[in-house]
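This report concerns only the one structure given below.
Every read-out reported here was derived from the displayed coordinates using simple, explicitly stated rules and does not represent laboratory data. On a predicted model such as this, the values are computed, not experimentally measured, just so you know. Virtual Cβ from ideal backbone geometry, glycine too; neighbours counted across all protein chains shown.
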Amino acid sequence: MKIFIVNAGSSSLKYQLIDMADKSVIVKGLCERIGIGGKITLKKPDGSKYEAEIPMPDHTTAFKIVIDWMTNGETKVIDDLSEISAVGHRIVQGGAIFKESCLVTEDVIQKIEELGALAPLHNPAHVQGIRACIETLGDKVPQVVVFDTSFHSTMPDYAYIFPLPYEYYEKYAVRRYGAHGTSHRFITSRVINEFGVGTPSKIITCHLGNGSSITAVKDGKCIDTSMGLTPLDGFMMGTRCGAVDPSAITYIMEKENLTPQEMDTIMNKKSGFLGVSGVSSDNRDVEAAADAGNERAILARNILKYQVAKVVGSYIAALGGVDAIAFTGGLGENNPFIREYVCDQLAFLGVKYDKDKNEEYVHGKEGEISTADSSVKVYVLATDEEMVIAEDTQKIVEAL
């Protein structure tokens, strides 16, 4: 069975074709600048890479171009569309409606659209991706949607309800939903099954990147997560501020005479690494500037590592202990300084790590960095959200 994985953004479409016989990636790539130009990138397992700028006015056009590239010319990887058995889609926001992956129907599409207010940059784009697949492949090819929020649906009400007037939860479904659930689920499974932590267990998964979240997992189920109603909550990210005093927001709005939308743009797109450092939203640029002595870049680095350690510490309290901590994502996998700081701050709990392994485990190298006598297992692990989507898709389609 070959499964096509689609992750549609507001102006992008990431894709992978996976052969489930051996779980190998046949091809992967990206369409970007959809609606404002168009560029496609395609990569094969042998390392060959192809790029071209092609007009892509919408996601349907982008999807058709991807299919054309996969079936023709030097970018060809399959002979015919009939080789695609199913399509799996990543959906950011499933709200309280979707607690597990499911088959795409018109009713499902409409509900995803209705949840668009909770993820305005993501859910409408996901719907475009689904409809583009239907238009290109027809309605006979089954499609499955996998929700980033579903892993967090096991949170107890005292973890997901905000202490606002309860009527806003009842009227507008304002509550904590979390994000990156597909990644947290994948990493949790690896820690429990591949590395033998098993259950019962208390695990903290740290998905750190341009967007970051941390999740507390008890016996394989999420009990709390740092992102909230939207991906803005939590701690400092590339351009997002994370959690701040709400009164700071209203105070700035009054002083600067800002509209809610203008303030939302500041918090989502002008804060975080970029806002504090003034250098970049990319942590690699911030680290380079910090190493060169830039004081604001140093401040940004210090805020990040402090906040990560603080959230991890709070989740140890929420779990009543911890058996394992796992770092993943672009920063989690490639920034040993954050991992070092977190481990050092937890040394009083008996956390010990191999400094050489910690520095060595970057750019794809992964595994355990804690020492044999550490009270807590600490891992650096690569995430694979696409494989989770593919496995869910296969399971649902084979049960039809």
### Task
List, in order, the whole-Hz ³J(HN,Hα) value for each residue of region 198-211 obtained from phi through the Karplus relation with A = 6.51, B = -1.76, C = 1.60 and θ = phi - 60°; use x for Gly and Pro.
x, 9, x, 7, 10, 10, 10, 9, 10, 8, 10, x, 5, x
### Cα-based Rg and Dmax for region 1-89, where Dmax is the largest Cα-Cα distance (Å)
12.3, 38
### Summary
Surpassing 31 Å at the alpha-carbon level, of the pairs Lys39/Lys99; Lys23/Lys310; Lys23/Lys269; Lys2/Lys365; Lys44/Lys395, are Lys39/Lys99; Lys23/Lys310; Lys23/Lys269
### Task
Note down the nm distance, to one decimal, between modelled labels 7 Å out along Cα→Cβ at Ser85 and at Tyr172.
4.5
### Task
Given the peptides 92-101, 17-26, arrange them by the average over their residues of other C-beta atoms within 10 Å, most packed first.
92-101, 17-26
### Query
Distances over 26 Å make up what percent of all Cα-Cα pairs in region 195-385?
33
### Task
Could you please report the charge total around Ala125, scoring K, R as +1 and D, E as -1 over all other residues with beta-carbon less than 13 angstrom from its beta-carbon?
0
### Query
Where does region 158-244 land on Rg/Rh, using Cα atoms and the Kirkwood Rh?
1.03
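Could you rank the peptides 324-333, 149-158, 198-207 by their average count of other C-beta atoms within 10 Å per residue, with the highest value first?
Values: 324-333: 24.4, 149-158: 18.9, 198-207: 22.0.
Most protected by this proxy first, the peptides run 324-333, 198-207, 149-158.
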### Query
Using a basic spin-label model with each label point 7 Å from the Cα along Cα→Cβ, how many nm lie between Asp264 and Leu164?
1.2
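How do 214-225, 135-146 rank on mean C-beta neighbours within 10 Å, highest first?
Listed from highest to lowest mean packing, they are 214-225, 135-146.
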### Summary
Of all C-alpha pairs within region 216-270, those more than 18 angstrom apart amount in percent to 41
#### Entry: Over region 1-141, relative contact order from alpha-carbon pairs under 8 Å, at least 6 apart, %
25
### Message
Binning at 10 angstrom from zero up to the longest distance, how are the C-alpha pair distances of region 86-155 distributed in percent?
### Response
22, 56, 20, 2
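Would you kindly calculate the translational diffusion coefficient of region 310-400, applying Stokes-Einstein with the Kirkwood radius from alpha carbon pairs, for 10 °C and a viscosity of 1.306 mPa s, and quote it in µm² s⁻¹ without decimals?
110
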### Query
For q = 0.06, 0.10 Å⁻¹, what log10 I(q)/I(0) does the chain give under the Debye formula with an equal point scatterer on each alpha carbon and no solvent?
-0.25, -0.71
#### Entry: Rel. contact order, % - alpha carbon contacts under 8 angstrom, at least six apart, the chain
13
### Task
Please identify which residues in region 67-102 have an amide N closer than 11 Å to a label point set 7 Å out from the Cα of Asp19, following the Cα→Cβ vector.
78
#### Entry: Length gained when the stretch Ala347-Ser189 is fully extended (0.36 nm per residue, less Cα-Cα span)
54.3 nm
### Task
Quick one: give the max-minus-min coordinate of the C-alpha atoms of region 213-307 along each principal axis, largest first, in Å.
43, 37, 17
### Query
Counting only DSSP beta bridges with both residues in the chain, what percent are antiparallel, rounded to the nearest 5?
70
### Message
With +1 on the Cβ of every Lys and Arg and -1 on the Cβ of every Asp and Glu, and nothing else charged, how large is the dipole of the chain about its Cα centre, in debye rounded to the nearest 20?
### Response
440
